Each structure stands twice: as C-alpha cells, then as structure tokens.
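Participant: Take a look at this one; I'll ask things after.
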Amino acid sequence: MKILAITNQKGGVGKTTTCVNLAASLAANYQKVLLIDLDPQGNASTGSGIDKAHLKHSIYHVLIGEKTLSEVIVPSEKGGYHVAPANRELAGAEVELVNELARETRLKKALSKLEQLYDYILLDCPPALNLVTVNALTAATSVMIPMQCEYYALEGLSDLVNTIKKVRANLNATLEIEGLLRTMFDTRNMLAQQVSAQLVSHFGDKVYNTVIPRNIRLAEAPSYGLPVLIYDKTSKGATAYLDLAKEIIHKNQQVKGAAHG
Ligand code: ATP
Ligand code: MG
C-alpha cells in the first residue's frame, strides 16, 4: 500500500490531471485505488464524474471529525476507482481546525482504518502549503511533485522541499520524495528542454522517466467527467499516464523485492 501526496504549491502545474488520470491508469492495471480530493476547487471530484455541488458529505466532514472516511467514499463509475470528494466547504476546514488538537494528523488517523483496502491512495493537494497540505504530507508514504519545465519551476521547488523536510522532522519521519513528474511538456520548446535537463542533473533518478506531453485530450476530458483513458484511450495523454502507472508499479515491486531480500 502506498499513499502518494500529489503536491506543488504552484497552481496549474497538472496536480489534479495527474491524480485523476493516474488513478484511472493504476485501476486499469488491476490496482485498487482511492483518490482523496483535498482541494476546495473539487476538480478531481468533477474530473472523476462526481457532482460536487450535491454532496451530502465530503472530505471536509472527515477532517473536522464528523464522518469517517468510509462514510464519504463514492465510486468513480467510469474510472474504476474510489473517491473521497471535496467541494468549497473544505475551505472552512483551515479555519475550523486552527484551535483543534492534533490538527495535522486528522487525515492520517482517518486513513489508518481503511488503508489496507487499497493498493494506492492518491491525495490531490491544493496549490498552497496550508494545513490541508500538511495533513496530506503527514498521512503520505511519499510525495509526487508534478511540475512544468519553466524558468521559475525550480525556485518554487526549494520551498516545497523545505516543507517536506519540516514535516519529516516533526510529523512523518519516513516521508520520501517518490518522484518529480514533468507535465505539459513540449519537446519543441528549448527552455523546457534545458529545465528538464537541469532537473535530471539535480534530482537524478527521482525524476520519472515518463514525461507527460501537452495534449488537448487531457484538458478536454474533465468537462465530460472522464479520465482521458475512457475519453480517448488512443490519445498521447492516455498513453503517457498508462506509462506512468506502469513505471510506478514497477518501481514499487522493485522496492518490495529488495525489502524481502
Ligand atoms: P491547481 O493548482 O489549480 O489545483 P493543478 O496543479 O491541479 O491546478 P490541473 O488542474 O491539473 O493543475 O491543470 C491545469 C490546467 O491545465 C487544466 O486546465 C488542465 O486541463 C490543463 N492540463 C493539465 N495537464 C495538461 C496536459 N498535459 N496537456 C494539456 N493540458 C493540461
Ligand atoms: Mg488541482
């Protein structure tokens, strides 16, 4: 079982697109997957075909302690995975939890009861290093950082790496960086090529081999509430996320193999 926090405080880098499409691609590879939407924008819920406006309960109720996680989980019928959805109510959690005890470990506690039911749990983080993101980093076994290969991308990365270090020191000693994912990649763009090369020289094998190309199908699919794999399985976007799922499964099997001798 792996709990992956998909995070980057920079907005619009492809966190949600990665969360939804990786969930569907892992499911297509016979993995049991739970996606937890931790963003009040609720884009991962919508992109999974869930009507976020009419939710009775959501991840908000779990974080404030009113519901258990299993009470809010719904299936993504087309995606083949489960979702703990979110909507704008979640924005209130930040304020409501401020004076609560153990406010950073809410998600971790909620997950401890059902994590054994899944092979992968993906956490779609909001574009902020806030309390909800800290909850994700505290609950996670590892972090995936989607990023666009632009000039400022590397700068933002050091803030995130510092936050991860702080969480490791105080809340989750075994938190690892699972990998950096290059998203919306355009091979004809020289700057993207340069930043990509820098990334690899700096982070080595922490950078996934799989690169997600800029692909219009990935941008269209959410408006149909579908992962791209269902919307257009022959698209470059669908192929890329299937490759990423395979790379992650393979990496995990190697780690397990090493651990067992
Ligand atoms: P936020 O920080 O607001 O949560 P995010 O990091 O979750 O954003 P996304 O919502 O996944 O980013 O992507 C931002 C926009 O870019 C969306 O409109 C999405 O459809 C589009 N997009 C993401 N990945 C790709 C891609 N590989 N090719 C084309 N469009 C993409
Ligand atoms: Mg998002």
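Participant: Please enumerate the residues belonging to the range 204-215 that are in contact (Cβ under 8 Å) with a residue 12 or more places away in the chain and either within 16 Å of ligand 1 (Cβ to nearest atom) or surrounded by fewer than 16 Cβ atoms within 10 Å (Cβ to Cβ) (or both).
Facilitator: Across the range 204-215, the qualifying residues are K206, Y208, N209, T210, V211, I212, P213, R214, N215.
Yes/no per residue for (1) open to solvent by 70 Å² or more (accessible area, probe 1.4 Å); (2) within 28 Å of E71 (Cβ to Cβ); (3) among the β-branched types (V, I, T); (4) at pLDDT 95 or above:
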{"residue": "D124", "(1), (2), (3), (4)": "no, yes, no, yes"}
{"residue": "V132", "(1), (2), (3), (4)": "no, yes, yes, yes"}
{"residue": "N135", "(1), (2), (3), (4)": "no, yes, no, yes"}
{"residue": "L157", "(1), (2), (3), (4)": "no, no, no, no"}
{"residue": "L160", "(1), (2), (3), (4)": "no, no, no, no"}
{"residue": "L180", "(1), (2), (3), (4)": "no, no, no, yes"}
{"residue": "T183", "(1), (2), (3), (4)": "no, no, yes, yes"}
{"residue": "S201", "(1), (2), (3), (4)": "yes, no, no, no"}
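Participant: Search the range 216-261 for residues being farther than 23 Å from C149 by Cα, surrounded by 13 or more Cβ atoms within 10 Å (Cβ to Cβ) and of a type in the set (K, R), and hand back the single one that is farthest from ligand 1 (Cβ to nearest atom).
Facilitator: K251
Participant: At pLDDT 95 or above and on the phi > 0 side of the Ramachandran plot, is that true of G79? Spell out the reasoning first.
Facilitator: On the way: at pLDDT 95 or above: yes; on the phi > 0 side of the Ramachandran plot: no.
Judged against the criteria, G79 is not a match.
Participant: Restricted to the range 41-61, and to residues that are among the β-branched types (V, I, T) and away from ligand 2 (no atom under 13 Å from the Cβ), which residue is nearest to M144 (Cα to Cα)? Even if it seems obvious, please write down each step before you answer.
Facilitator: As a first pass, look at the range 41-61 and keep what is among the β-branched types (V, I, T): 46, 50, 59.
If we keep only those that are away from ligand 2 (no atom under 13 Å from the Cβ) too, we end up with 50, 59.
Working: I50: 24, I59: 21 Å.
The qualifying residue nearest to M144 (Cα to Cα) is I59.
Participant: Evaluate the range 72-79: report whether one residue or more is among the polar types (S, T, N, Q), over 18 Å from S223 (Cα atoms) and open to solvent by less than 20 Å² (accessible area, probe 1.4 Å). Lay out the reasoning, then the answer.
Facilitator: Here is the first cut: in the range 72-79, the residues among the polar types (S, T, N, Q) are 76.
Still in the list and also over 18 Å from S223 (Cα atoms): none.
The answer is no; no qualifying residue exists.
Participant: List the number of the failed condition for T187; all other conditions in (1) surrounded by 18 or more Cβ atoms within 10 Å (Cβ to Cβ); (2) part of a loop (DSSP other than H, G, I, E, B); (3) without any contact (Cβ under 8 Å) to a residue 60 or more places away in the chain hold.
Facilitator: So the condition that T187 fails would be (1).
Participant: Give the residues of the range 41-59 that are open to solvent by 40 Å² or more (accessible area, probe 1.4 Å) and within 16 Å of ligand 1 (Cβ to nearest atom), sorted by residue number.
Facilitator: Matches in the range 41-59: Q41, N43, T46, G49, K52.
Participant: Please work out if A192 is surrounded by 14 or more Cβ atoms within 10 Å (Cβ to Cβ), in a helix (DSSP H, G or I) and in contact (Cβ under 8 Å) with a residue 60 or more places away in the chain.
Facilitator: Numbers: surrounded by 14 or more Cβ atoms within 10 Å (Cβ to Cβ): yes; in a helix (DSSP H, G or I): yes; in contact (Cβ under 8 Å) with a residue 60 or more places away in the chain: no.
Criteria not met by A192.
Participant: Among residues belonging to the range 31-40 that are open to solvent by less than 10 Å² (accessible area, probe 1.4 Å) and farther than 18 Å from V13 by Cβ, point out the one that is nearest to ligand 2 (Cβ to nearest atom).
Facilitator: I36
Participant: I would also like to ask the following. Among the listed residues L123, L90, L157, identify the single one that is in a helix (DSSP H, G or I) and within 26 Å of K246 (Cβ to Cβ). Show your work before the answer.
Facilitator: On the way: L123 fails: in a helix (DSSP H, G or I); L90 fails: within 26 Å of K246 (Cβ to Cβ).
Going through L123, L90, L157 in turn, the sole match is L157.
Participant: What are the pairs with Cβ atoms under 7 angstrom where one residue, in the range 87-109, is open to solvent by 50 Å² or more (accessible area, probe 1.4 Å) and the other, located anywhere, is of a type in the set (F, W, Y) and at pLDDT 95 or above? Sequence gap at least six, or different chains.
Facilitator: E89/Y60
Participant: Still on this structure, I have one more. All but one of (1) touching a Lys or Arg at 6+ places or on another chain (Cβ under 8 Å); (2) within 12 Å of ligand 2 (Cβ to nearest atom); (3) of a type outside the set (A, V, I, L, M) hold for G12, so report the exception by its number.
Facilitator: Here G12 clears every test but (1).
Participant: Of all residues in the range 11-58, how many are part of a helix (DSSP H, G or I) and not aliphatic (A, V, I, L, M)?
Facilitator: Of all residues in the range 11-58, those part of a helix (DSSP H, G or I) come to 15-28, 43-47, 52-54.
From what is left, the residues that are not aliphatic (A, V, I, L, M) are 15-19, 21, 25, 43, 45-47, 52, 54.
Adding up the residues that qualify gives 13.
The values are calculated or read from the model by the stated rules, or taken from the named source; none is laboratory data. If you're wondering where the values come from, they're calculated on a predicted model, not measured in any experiment. With ideal geometry, Cβ positions are generated from the backbone for all residues, glycine too; neighbour counts draw on all protein chains shown. Just so you know, the surface numbers come from the protein's heavy atoms only, side chains and all, with ligands and any DNA or RNA stripped out. Shrake-Rupley method; radii C 1.70, N 1.55, O 1.52, S 1.80 Å.
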